[in-house]
1. Can you pull out the residues in the range 5-30 that are without any contact (Cβ under 8 Å) to a residue 24 or more places away in the chain and either out of contact with any strand residue (DSSP E or B) (no Cβ under 7 Å at 6 or more places or on another chain) or part of a loop (DSSP other than H, G, I, E, B) (or both)?
2. Let me spell it out: the conditions are (1) more than 18 Å from the chain's Cα centre (by Cα); (2) modelled with pLDDT of 95 or more; (3) surrounded by 20 or more Cβ atoms within 10 Å (Cβ to Cβ), and residue 77 meets all of them except one. Which number is the exception?
3. If a residue has to be outside any helix (DSSP H, G or I), touching a strand residue (DSSP E or B) at 6+ places or on another chain (Cβ under 7 Å) and closer than 22 Å to residue 20 by Cα to count, how many in the range 31-69 make the cut?
4. Within the range 107-116, can one find any residue that is in contact (Cβ under 8 Å) with a residue 12 or more places away in the chain, in a loop (DSSP other than H, G, I, E, B) and over 17 Å from residue 160 (Cβ atoms)?
5. Looking at this structure, is residue 120 on the phi > 0 side of the Ramachandran plot and either assigned to a loop (DSSP other than H, G, I, E, B) or loosely packed, with under 13 Cβ neighbours inside 10 Å (or both)?
6. Condition first: part of a loop (DSSP other than H, G, I, E, B) and either surrounded by 15 or more Cβ atoms within 10 Å (Cβ to Cβ) or touching a helix residue (DSSP H, G or I) at 6+ places or on another chain (Cβ under 8 Å) (or both). Now tell me which residues in the range 137-154 satisfy that.
7. Can you tell me which residue is farthest from residue 120 (Cα to Cα) among those in the range 155-204 that are part of a loop (DSSP other than H, G, I, E, B) and modelled with pLDDT of 90 or more?
8. Filter the range 123-136 for residues that are closer than 25 Å to residue 81 by Cβ and either in a strand (DSSP E or B) or touching a strand residue (DSSP E or B) at 6+ places or on another chain (Cβ under 9 Å) (or both) and give the result.
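The values are calculated or read from the model by the stated rules, or taken from the named source; none is laboratory data. All of these numbers come straight from a predicted model, not from anything done at the bench. With ideal geometry, Cβ positions are generated from the backbone for all residues, glycine too; neighbour counts draw on all protein chains shown.
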């Protein structure tokens, strides 16, 4: 990051990256999180848990229970925490003419338990149930609301056939504007963070106000905008 008079420039430096997860205290047990934002003397203020599943979708029932439990655990310790849950699923299709060989195939096709998209383009029943469950776990508004709901949830289905150009996010599942659209999820996380830690606490604003990246940032202008893999992403820029 470099600061100039009219804004902040975001650069990409792979050498500066470090692997690992942050462990924070929960109401019942500690929790390792994929993304955590903390502010000294305030504590964790925003977090995102990311899960990925590429087969055996019948086990999504266990994911529902884990998601509700993780959320409750952290909100017990940090009621004001803005917490998001993002689940990425491999969208194996029933009419895929060349299914991936490392999956268990039946007559040259994916097993029903490993399917996400049926021949007509609709979601399989396990995915539909999971979709509805995540909707009910999402959209916690106030820190006094029930701790078992996330401030926002996202569900993303990624195409599993074709090369790098053909693969990408399914735009129909969930549709744009859906409760589970991942772009909506991030917009909502930012908005709730601003409400809780900036507007409702003006005395702390100098420490809690978010930075806005300049649209001319090298990472945005030279990397993300030219990569088709980021076509669906809406970067936060000013």
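1. Of all residues in the range 5-30, those without any contact (Cβ under 8 Å) to a residue 24 or more places away in the chain come to 5, 13-23, 30.
Once the filter is applied, which keeps residues that are without any contact (Cβ under 8 Å) to a residue 24 or more places away in the chain and either out of contact with any strand residue (DSSP E or B) (no Cβ under 7 Å at 6 or more places or on another chain) or part of a loop (DSSP other than H, G, I, E, B) (or both), the range 5-30 yields 5, 13, 14, 15, 16, 17, 18, 19, 20, 21, 30.
2. Condition not satisfied by residue 77: (3).
3. Count: 19.
4. no
5. Here the answer is no, as residue 120 does not meet what is asked.
6. 138, 139, 140, 141, 143, 147, 148, 149, 150, 151
7. The qualifying residue farthest from residue 120 (Cα to Cα) is 201.
8. Listed by number, the residues that qualify are 130, 131, 134, 135.
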